[in-house]
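The values are calculated or read from the model by the stated rules, or taken from the named source; none is laboratory data. Quick caveat, the model's predicted, so the values are computed rather than measured. Virtual Cβ from ideal backbone geometry, glycine too; neighbours counted across all protein chains shown.
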């Protein structure tokens, strides 16, 4: 089983998670859930998942992506997908989840697509 590696970086008020490996039943899918939950707790509600190095996503992995999206939305946050692989793109189209997730091929465009919140307005 391939281990999913997750590297975290911050761009403005957006947390970018660079994933490498497979998002599959077990450790891979659970790692995505844990990473998102860990970020939601301190109030990081803008997350961009960079999937460029994700080789495969199974149904359990897709379920965890949906759960992360739902959890963030309930907290007023946003989860967007970057560099979706052909495998995942096909799954998103077949399941019609391509209409739910915001999917981007360019990181700058993805980052600029987040809603900005100004505390003084």
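So in the stretch 67-80, with the set limited to residues that are without any contact (Cβ under 8 Å) to a residue 40 or more places away in the chain and in contact with a helix residue (DSSP H, G or I) (Cβ under 8 Å, 6 or more places away or on another chain), which one is farthest from residue 4 (Cα to Cα)? The qualifying residue farthest from residue 4 (Cα to Cα) is 75. Residues in the stretch 84-96 that are surrounded by fewer than 17 Cβ atoms within 10 Å (Cβ to Cβ) and in contact with a helix residue (DSSP H, G or I) (Cβ under 8 Å, 6 or more places away or on another chain): 89, 95.
For (1) surrounded by fewer than 17 Cβ atoms within 10 Å (Cβ to Cβ); (2) within 24 Å of residue 26 (Cα to Cα); (3) under 15 Å from the mean Cα position of the chain (by Cα), each residue gets a yes or a no:
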position: 45; (1), (2), (3): no, no, yes
position: 82; (1), (2), (3): no, yes, yes
position: 104; (1), (2), (3): no, no, yes
position: 115; (1), (2), (3): yes, no, no
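Residues of the stretch 86-109 that are more than 24 Å from residue 39 (Cα to Cα) and in contact (Cβ under 8 Å) with a residue 24 or more places away in the chain: 87, 91, 95. For the stretch 99-110, the condition holds for no residue, the condition being that it is at pLDDT below 90 and either at negative phi or in a helix (DSSP H, G or I) (or both). In the stretch 8-66, the residue that is nearest to residue 84 (Cα to Cα) out of those that are modelled with pLDDT of 90 or more, out of contact with any helix residue (DSSP H, G or I) (no Cβ under 9 Å at 6 or more places or on another chain) and not in a helix (DSSP H, G or I) is 52.
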